[in-house]
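Okay, structure first, notes after.
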Amino acid sequence: MSFISFAFIALFIGGLMGLLQVLVRSGHFTLPAGIDYYQVLTVHGVILGLVLTTYFIVGFQYALMGKTVGISDTQRRVAWLGFWIMTIGTVMAAITVLYGKASVLYTFYAPLKAHPAFYIGLALVIVGSWIACFVNWRQLYIWKKKHPNEKSPLLAFMVVINMAMWFIATLGVAGSVLFQFIPWSLGYAATIDVLLSRTLFWYFGHPLVYFWLLPAYMAWYAIIPKIIGGKIFSDSLARLSFVLFLFFSIPVGLHHQLTEPGLDTTWKFIQVVLTFMVVIPSLMTAFSMFATFEITGRKKGYGGLFGWLKHLPWKDVRFLAPFIGMLAFIPGGAGGLINASYQLNTVVHNTIWVTGHFHLTVATTVVLTFFGITYWLVPHLTGRKLTKSMNRLGIIQTIFWTLGMTIMSGAMHIQGLFGGPRRSAYSEYNGTEQVAEWGAYQMAQAIGGSILFIAIIIMLYIFIKLAFFAPKGEEEFPIAEEEIDAEPTPMWLERWKLWIAITIALILFAYTIPIADVIQNAPPGSAPFAWPIGNN
Ligand code: HAS
């Protein structure tokens, strides 16, 4: 509950910043009291992209592990230590941003320089999250010792994979923060290797998006079937898709740097091919979800080509919110394929199309699934009930979120195709013709963003009600079972050492030569630049 409550505080602050951004970009609003646009944008990205997600995920995963394999008192105490380290780090980073000393956006690209406390704070958040990794691994390890020759519970297996991916991925950004950013921001190093820092960031940055997605997939594979009255379609398929995510999430970061000079084209191309490999487990997930819905519907007697759709519990917000998340991932994923296509990337890179893409993927698919989880997890943890009226309000919330995001993200995609830039405040660009084309879409983003802010307020109201005021009772922790006649899951799916070895081999293959190249042929380092100018 502590992790999840922190995530909801982040939702409010980050959402408010989002509202300010779309209003500024409409060209009809100026920030008061000298507040800077990029300061607001940094709060938005860091608080929503890094803080809300990490806290919600770590909290949710503890709940899954506690339920499936148990948590001891010692593990709980260590988990608290992780919480406090993460929180001290978050507060440190937040203070620097709020004081205007770290307007570097969530990607903190060098040579933009932030106050050292910003980077130290981020390093603490990572260290705190590593503690969660160790606790989760230990939880499964202890369970396995007590249950030799049994397969691990599906959700515990998934959590352990997600944390393995997170741990390996964060090593890159931790290395960059410790050895590049902190000495440079403290003044011990005069310059920084910009290309190396960005390459290490994206080594982490792409698996980061799957660290957000996989907990949503955990809910889709193992919780949604229970909510709709069905069974898990295939335990083996679910595990295999997670193993594939572990393999292919990391050696693909260069697809964020396709326009970056200084990186060899061959390695960019190889990583593009690997990116298309990481699409496969998502396609397996789509297949599996369709199968779950159809099989459950047909078992309940609904026939016809699409008749089984009728059985789905449309009026149950625990289902509706994640389901809309799934629908959004169809265009969201397609947009990802466009981004990853080497040539098409040159059209969309650094345009607001990309912002549209991640508002469909993380801010709709993932966040709506997290809301879907909140409706049962919070009352379950606080010993309360999701009442009919809260369920109804949840449905209204989902509709507002969907409407706002469709308008905002749709407009972002279109404006991006007309060349509208991302990461930029409002500008008339000296009155160029294109700006006239963008106006309507920027206004649409402001309308969509305002609707979204209303949705955030409704969600916060629901969260507070479920946490403190809903009637006392017992809310189910819905975990689905396998089909009775399911084929047994092969034990080789748990060959952890082999999976980790393959993951490391793929990373070494995809990154050794490009990184050696970047270091050997390093560009001249850059002195720090701070925003606003003169803020060094
Ligand atoms: Fe992405 C940029 C490529 C997925 C997030 N992405 C971003 C950024 C973010 C982000 C935050 O290759 C911006 C980073 C920045 O600040 O610069 N992305 C991909 C690809 C995928 C992908 C290939 N992205 C995600 C996910 C994200 C996310 C997931 C967050 C959670 N992305 C890119 C690229 C860039 C990029 C380039 C760099 C662009 C640039 O130039 O800067 C794939 O994983 C997508 C595969 C997904 C699918 C969809 C499967 C569909 C499913 C739903 C099924 C529906 C059902 C409903 C079951 C193929 C699973 C049933 C319906 C009934 C009617 C019954």
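The values are calculated or read from the model by the stated rules, or taken from the named source; none is laboratory data. Every value quoted in this text rests on a predicted model; they were computed, and no experiment measured them. Positions of Cβ are backbone-derived with ideal geometry, glycine not excepted, and every protein chain shown enters the neighbour counts. All accessible areas refer to the heavy atoms of the entire protein, side chains included, with ligands and DNA or RNA removed. Shrake-Rupley method; radii C 1.70, N 1.55, O 1.52, S 1.80 Å.
Computed values, structure above
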read-out	value
Residue within segment 220-237 that is in a helix (DSSP H, G or I), touching a helix residue (DSSP H, G or I) at 6+ places or on another chain (Cβ under 7 Å) and among the aromatic types (F, W, Y) present	yes
Condition met for Y217 (crowded, with 23+ Cβ neighbours inside 10 Å, part of a helix (DSSP H, G or I) and more than 9 Å from the ligand (Cβ to nearest atom))	no
Residue within segment 267-282 that is at pLDDT 95 or above, assigned to a loop (DSSP other than H, G, I, E, B), out of contact with any strand residue (DSSP E or B) (no Cβ under 6 Å at 6 or more places or on another chain) and within 9 Å of the ligand (Cβ to nearest atom) present	no
Matching residues in segment 330-347 - criterion: being open to solvent by less than 60 Å² (accessible area, probe 1.4 Å) and assigned to a helix (DSSP H, G or I)	G332, G333, A334, G335, G336, I338, N339, A340, Y342, N345
So W492, is it under 19 Å from P111 (Cβ atoms), modelled with pLDDT under 95, under 30 Å from the mean Cα position of the chain (by Cα) and not basic (K, R)	no
Of residues in segment 376-422 being of a type in the set (K, R) and touching a helix residue (DSSP H, G or I) at 6+ places or on another chain (Cβ under 7 Å), the one most open to solvent (accessible area, probe 1.4 Å)	K385
The listed residue being closer than 30 Å to G18 by Cα, more than 8 Å from the ligand (Cβ to nearest atom) and either open to solvent by 70 Å² or more (accessible area, probe 1.4 Å) or among the hydroxyl-bearing types (S, T, Y) (or both), out of K300, K315	K315
Matching entry among D235, D193 (being open to solvent by 20 Å² or more (accessible area, probe 1.4 Å), of a type in the set (D, E) and at pLDDT 95 or above)	D193
Among the candidates L368, L381, L377, L327, residue that is within 11 Å of the ligand (Cβ to nearest atom) and part of a helix (DSSP H, G or I)	L327
Residue under evaluation V435, criteria (1) more than 15 Å from the ligand (Cβ to nearest atom); (2) of a type in the set (V, I, T); (3) in contact (Cβ under 8 Å) with a residue 24 or more places away in the chain; (4) open to solvent by less than 40 Å² (accessible area, probe 1.4 Å), criterion not met	(3)
Inter-residue pairs, beta-carbon under 6 Å, first open to solvent by 50 Å² or more (accessible area, probe 1.4 Å) and in segment 260-288, second more than 9 Å from the ligand (Cβ to nearest atom) and in a helix (DSSP H, G or I), 6+ apart	G262/L195; M277/F248
Condition check for Y109: touching a helix residue (DSSP H, G or I) at 6+ places or on another chain (Cβ under 8 Å) and modelled with pLDDT of 95 or more	yes
From L360, L337, L344, residue being free of Cβ contacts under 8 Å to residues at least 12 places away in the same chain and near the ligand (Cβ under 10 Å from one of its atoms)	L344
Condition broken by G205, with the remaining ones in (1) open to solvent by 30 Å² or more (accessible area, probe 1.4 Å); (2) within 13 Å of the ligand (Cβ to nearest atom) satisfied	(1)
Residues within segment 127-151 that are open to solvent by 20 Å² or more (accessible area, probe 1.4 Å), modelled with pLDDT of 95 or more and either under 23 Å from S2 (Cα atoms) or outside any helix (DSSP H, G or I) (or both), tallied	7
Only listed residue being in a helix (DSSP H, G or I), surrounded by 20 or more Cβ atoms within 10 Å (Cβ to Cβ) and under 21 Å from the mean Cα position of the chain (by Cα), chosen from I13, I47	I47
Any hit, segment 156-166, residues being open to solvent by 50 Å² or more (accessible area, probe 1.4 Å) and among the aliphatic types (A, V, I, L, M)	no
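Residue-by-condition table, conditions (1) more than 29 Å from G14 (Cα to Cα); (2) open to solvent by less than 20 Å² (accessible area, probe 1.4 Å); (3) of a type in the set (A, V, I, L, M, F, W, C):
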position: A455; (1), (2), (3): no, yes, yes
position: K465; (1), (2), (3): no, no, no
position: A470; (1), (2), (3): no, yes, yes
position: E474; (1), (2), (3): yes, no, no
position: E482; (1), (2), (3): yes, no, no
position: A486; (1), (2), (3): yes, no, yes
position: K497; (1), (2), (3): yes, no, no
